[in-house]
Each structure stands twice: as structure tokens, then as C-alpha cells.
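Participant: What follows is a structure written as C-alpha cells; I'll ask about it next.
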Amino acid sequence: MTLILGIETSCDETGVAVVRDGRAIVANEVASQIHIHREFGGVVPEIASRRHTTCISQLTRLVLDQSGPVDAVAATWGPGLMGSLLVGVSF
């Protein structure tokens, strides 16, 4: 049994999940930014990346508390907003 922690920060939602054997979702958390960007009529890249920074640790902790230790980590590295991608890859 292999558990992989996946991190997705390509645009305006922060997603963190643990998947077992590439098929079964063990734990999953998503933080949406729709309410933040709505007033601008679209995604503001700088705001999106800063929001990822504020919530990625908490989401990861929630997911790992549900799943336990993982064997590997994967993160989205493209395509997407450069600042947002950097948050996920750096984390």
C-alpha cells in the first residue's frame, strides 16, 4: 500500500489530498478563493498566491491527521499561475 500526498495550487484553490495506490482518496481538503476574487471579476494572481501561503499548512495538517504518514509527495508544477505554483512546489 502506497500513500501519496498531493498538493494542488495552480490557480485560486488550494487542494491537498492523500491517495492510496493511485486510486482511492484517503483524505482531501480544499480551500476555495472564489469569494475573494469575485469582487475583481477574475483571479488576481498575487492575491491567489498569498492566500495559498496562508492556508497550505493547515490543510496539509488536516489531511495528514486523517491519513497518517505518507510514502511520497507530489505537487502541481504546471500549467498555472507562477506565484501559486511556487507556493505548492516550495511547500
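Participant: How far is it, in nm, from the label point at A74 to the one at A24 when both lie 7 Å from their Cα along the line to the Cβ?
Facilitator: Inter-label distance under the simple model: 1.7 nm.
Participant: Tell me the carbon and sulfur percent of the accessible area for region 41-91, rounded to whole percent, probe radius 1.4 Å.
Facilitator: 62 percent
Participant: Please give the per residue accessible area of region 21-91, computed with a probe of 1.4 Å over protein heavy atoms only, in Å².
Facilitator: Working: 4720 Å² over 71 residues.
Per-residue accessible area for region 21-91 comes out at 66 Å².
Participant: In addition: Across 5 Å bins from the origin, how do the percents of Cα pairs in the chain run, short distances first?
Facilitator: 3, 16, 25, 22, 17, 10, 5, 2, 0
Participant: Moving to a separate point now. Could you compute the net charge surrounding S32? Neighbours are other residues with a C-beta less than 14 Å from the C-beta of S32; K and R count +1, D and E count -1.
Facilitator: Spelling it out: positives minus negatives among the neighbours equals -2.
Participant: Just grab the label-to-label distance for I47 and I34, each label 7 Å out from Cα along the Cβ direction, in nm (one decimal).
Facilitator: 1.5 nm
Participant: Which of the trypsin sites (Lys or Arg not before Pro) found in region 19-91 are loop residues per DSSP with 11 or fewer other Cβ atoms within 10 Å of their Cβ?
Facilitator: Working: sites: R20, R23, R38, R50, R51, R61; in loops: R23.
Filter output for region 19-91: R23.
The values are calculated or read from the model by the stated rules, or taken from the named source; none is laboratory data. A quick note: this is a predicted structure, and the numbers were derived from the prediction, not measured. Positions of Cβ are generated from backbone atoms using ideal geometry, with glycine treated the same way; all protein chains shown enter the neighbour counts. Surface accessibility is based on the protein's heavy atoms, side chains included, excluding ligands, DNA and RNA. Shrake-Rupley method; radii C 1.70, N 1.55, O 1.52, S 1.80 Å.
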